[in-house]
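Computed from the coordinates by the stated procedures, all read-outs in this text should not be read as laboratory data. All values derive from a computational prediction rather than experimental measurement. Cβ: placed from backbone, ideal geometry, glycine included. Neighbour counts: every protein chain shown.
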Amino acid sequence: MASVFDVTLVCLILAVGAWSTFARLTFSAIVIFIVYGLLLSLAWVRLAAVDVALTEAAIGSGVTGMLLLNAVARLRSTDAAPTPSRSSVNIAAGVFCTLITASLAGLVLVPPQVPVSLAPSVMESLGQSGLGNPVAGVLFVYRSLDTLLEKVVLVLALIAVWSLAPDGLWGGKPALRPFPQRDSVLIFLARTVPPIGIMVGIYMFWVGADEPGGAFQGGAVLAAMWILVMIAGLAAVPPTSSHALRLALIVGPVVFLAIGILGIFLTGTFLAYPEGYAKPLIIAIEATLTVSIGVTLAMHVVGPPEKEWRS
Amino acid sequence: MAAAETSSIAGLLLVSVLILPVVGILAQLALGGRFLNWICLAVFPASFGVSAATCAVVWSHGEPLIYIVGGWQPPLGIALRADGISAAMMLVTAIIICAVAIFARVEFTQPSGAPEARAPFVFWALILALWSALNALFLGCDLFNLYVALELLTFAAVPLVCLKGGEATVKAALRYLLFALLGSMLYLMGTALLYGAYGTLDITLLAQRVHPERVTWIAAALMTVGLLTKTALFPLHLWLPPAHAGAPAAGSAVLSALVVKGSFFLIVRLWFDAMPGLGHTAGPQLLASLGAAAILFGSVMALRQQRLKLLVAYSTVAQIGYLFLMFPLAMAAEQSWTSLAWTGGWLQLFSHAFAKAAMFLAAGLIADALGHDRINDLGGAGRLRPLTFCTFGLAGLSLIGVPPSGGFVAKWLLLSASVAEGQWIWAAVIVVGGLLAGGYIFKVLGRAFTAGSDAPVIVTPVSLSREVVAFSLAVGAVLLGFFPLEPAEILQIGRPEILGSTVP
Amino acid sequence: MAIMNAITIFGLCAAALVGLGIFGLIVNPQPLRKILAINILGSGVFLMFGVIARRGAAAGLGGDPVPQAMVITGIVVAFSATALAVALLLRLVLVSGAATLEAEAEPSEKDGR
């Protein structure tokens, strides 16, 4: 039977999700969405997926939240009261979505007789790689092509974001508006939190091979710290043409790809690790990916180069 | 599994077509604008060569090329597989991307000595990403891996739409992105359901495991609707015309010729390979009905357009419709891939790719030369740029379905199949669609070759080399017309022979 | 098996979130709210993967790690999508002064070359 905690959590998630969808002000909708993300991470813990819970909290709620808040701050002036759609559209959409939900719910209520799982086969060969975390095993051993492609997606999406800069500003600085007040709580936080945050980020990556955590979660924490420091005005936003920035963006994917190609020469297969060297190679990939992911996520949040803000 | 080329040199071709363009993008970021032209000069020919070599190997061996990534067999690992249709798609993609690259070379050259410029850097990165994503779609065997490829394709295609940065193009790009994201999420939902029911996302394994039950139908419906959103099949086409008309000509050509075909290819994979049982539902008839509606609606809308690029974009909405006639016609046949409709459908895809790329490039040249693309004010422009209008006309012949052209062979095969299967309604739609296409093509040509009240002037000279590239693509569409009027063997390589009979 | 075990409750939650996300996407006219709705839809889809993973608990693991890993990949891809959509929206506001997808959808002549 479901525990009271689970039922309450699900009700809360649904209520907060609906609140975020129907809130009148966009700003409130976004703040509520961040809370929604944190509640979801709890659900992931309850579903015995701590790796996903960390990712959801760090990226799904945290960094996405920063991105949306930054956006809404700049859209404030244009946040007109929403023009209500026609009620006929609302009703049709309501019926349509209820149908989808009902058919999915129907499937959930009748689970397959024999649950399917690749968990046994994952565990069977995980020992060969020396990894202790099965999720890291899937991400970097069995389905490493997905992970590699996804890194390319992340970098390409950043080029896509940058492509929205006006012609003359290509290579310039993204216009992150630093927080104007000196000696505020934010500045205090930006001085004290990052050292701890960076430790947490590195720790997350480091334990990721054997325990929940890894490059994604660690990178997201590093990104959050960097953004905090930039918003507080303690560090300048680097210009997008910066050579160091670009190298940091690609070092992870390049190392990943290089080790994948190395596999062709050493084992005869792309993205295969030579026996006995899997774990150190994966840790090398994860270490560089942590840096690249952190930098890429943060640059996504600060956006394309723009004219500097003048208050 | 036949011909498991896990570690052979030939199998590495499949890896190379995926990673070569990616290496180009990473090199762009590492080396910066100064080396941009050199990177393109190295990566484009290399990728083309590898694509062509893959086709040659698949076609000469007559069996699919398979590569098990990392040495982990599905369902735990991911396989790449090039069969006849993926090899053909890879070749067509390579030819069109390289032709478009030659066309775009002048417009998107990084000026030497100058600081890194935005448009060239972004354009080449996007085209390379597009290429890698399309190859990943053609080779992918794993539905989740295909999801990542689909997203890579989307993120490469959307910024192409608003590369020029005008208000309308940014709006079109955002709308395109929202539609595409909805599509991806529906697709991913279906993927989750299939994994939950059958414990694998490998297409070959799924084909052996799927049962005709509720979860299969719901997953198939969600995934198909999601992919139709990305393919812009009527009535999910709303985002396409402003997006395809707003991009720079080279971008429009790639978007219309190739990008919408990427998600279409995946629909074919789902319906014919992963879940062949869908052929026994009302699904194929429904898809073809939407296709027929797209043909009629898209053609009528094209006729009503005042702007050349929008006319060409609406023509894409119509021509996509023909692709879906393949479903009821080929799935009704005893063995889908030996049917006329199977070959006809693919030929329609290839010839539309050539013809539409040529037509968008021609439309771009016209707009560049005249400084506008108002159809009503074209009066007499045909005499100023005869080669470009000739390109437009040749490509048009293929869209209408006039011999000799790839479009003719494709439409003829589809028409014959509908008559043979007794599905007359599709035959009627093909004929009416051809007449309407004739209407909008001759509307443009008629204007261009009759002198108007005030003769148009060339405001910007266009180079002959760009005109020749566009013309060559149109000639490609015509040459496809010399394809024999029978089921093509190369499109049958790697088709499962038993699936049609064992799966419900 | 009890029909209403904890996993089923989360499965129903996922189904409801998918419906809620699509509804929000259709009825909310503001682009930023549409982006938010897609994220809610996405979280419902991911949660469904989580439910499937939990049902596949075996070999001493609390859940099947394969769908869990897919969700991690999916969250990162969804983040990229959100970032690109937000950047497009901010650009739209910058060039047009309004955050709306309504009205004139055809590119003007200036853009359409």
- Message: Within 13 Å, Cβ to Cβ, of A:Leu154, how many net charges do the neighbouring residues add up to if Lys/Arg are +1 and Asp/Glu are -1?
- Response: -2
- Extension length gain for A:Leu266 and A:Ala15 (0.36 nm per residue less Cα distance), in nm, is 85.0 nm
- Message: For peptide B:133-141, what's the mean number of Cβ atoms from other chains within 10 Å of each residue's Cβ?
- Response: 1
- With θ set to phi - 60°, apply the Karplus curve 6.51 cos²θ - 1.76 cosθ + 1.60 along segment B:458-464 and write out the HN-Hα couplings as whole Hz, x wherever there is a Gly or Pro. 7, 8, 10, x, 10, 6, 4
- Item | Pair B:Leu303, A:Ile196: separation of 7 Å Cα→Cβ label points (nm) | 7.1 nm
- Under the classification rounded if a/c is under 1.5, otherwise prolate if a/b is larger than b/c and oblate if not, where does chain A fall, given a ≥ b ≥ c as square roots of the Cα gyration tensor eigenvalues? oblate
- Global form of segment C:6-96, assessed from the alpha-carbon gyration tensor, a/c cut-off 1.5: oblate
- Query: How high is the relative contact order of chain A, in percent, with contacts defined as C-alpha pairs under 8 Å that are six or more residues apart?
  - Reply: 21 percent
- Task: Would you kindly calculate the translational diffusion coefficient of the protein assembly as shown, applying Stokes-Einstein with the Kirkwood radius from alpha carbon pairs, for 4 °C and a viscosity of 1.567 mPa s, and quote it in µm² s⁻¹ without decimals?
- Result: 47 µm²/s
- So, in Å, what gap is there between the alpha-carbon centers of segment C:8-76 and segment A:183-220? 26 Å
- Would you mind getting me the FRET efficiency between B:Leu464 and B:Arg383? Use the beta-carbon distance for r and R0 = 22 Å, nearest 0.05. 0.85
- Task: Evaluate the relative contact order of segment B:287-400 (contact order divided by residue number), counting alpha-carbon pairs under 8 angstrom at least 6 apart; express in whole percent.
- Result: 26 percent
- Note on the structure: Taking a ≥ b ≥ c as the square roots of the Cα gyration tensor eigenvalues, with a/c under 1.5 meaning rounded and otherwise prolate when a/b beats b/c or oblate if not, segment B:9-502 comes out oblate
- Extension length gain for A:Phe188 and A:Asp167 (0.36 nm per residue less Cα distance), in nm, is 3.8 nm
- Return the subset of A:Lys307/B:Lys164; A:Lys151/C:Lys34; B:Lys230/B:Lys309; B:Lys164/B:Lys261 for which the Cα-Cα distance in this structure is over 22 Å, preserving the input order. A:Lys151/C:Lys34; B:Lys164/B:Lys261
- Message: Give me the net charge for the shell around C:Val71: Cβ to Cβ below 15 angstrom, other residues only, Lys and Arg +1, Asp and Glu -1.
- Response: -2
- What does the average come to when, for each residue of peptide B:296-308, you count the partner chain Cβ atoms lying within 10 Å of its Cβ? 1
- Note on the structure: Residue by residue through segment B:214-231, the couplings from Karplus 6.51 cos²θ - 1.76 cosθ + 1.60 with θ = phi - 60°, in Hz, x for Gly and Pro, are 4, 4, 5, 5, 5, 4, 4, 5, 4, 5, 5, 4, x, 6, 5, 4, 6, 7
- Query: Across the residues of B:66-76, average count of Cβ atoms on other protein chains within 10 Å?
  - Reply: 6
- Task: Considering Cα pairs under 8 angstrom that are at least six residues apart, work out the relative contact order of segment C:6-96 and quote it in whole percent.
- Result: 26 percent
- Item | Extension reserve of the B:Ala451-B:Val419 stretch, reckoned as 0.36 nm per residue once the Cα distance is removed | 7.2 nm
- Item | At R0 = 45 Å, FRET efficiency that the Cβ-Cβ distance of A:Leu109 and B:Leu238 yields, to 0.05 | 0.80
- Which value results for Rg/Rh of segment A:1-116 when Rg is the Cα radius of gyration and Rh the Kirkwood radius based on the inverse mean 1/r? 1.04
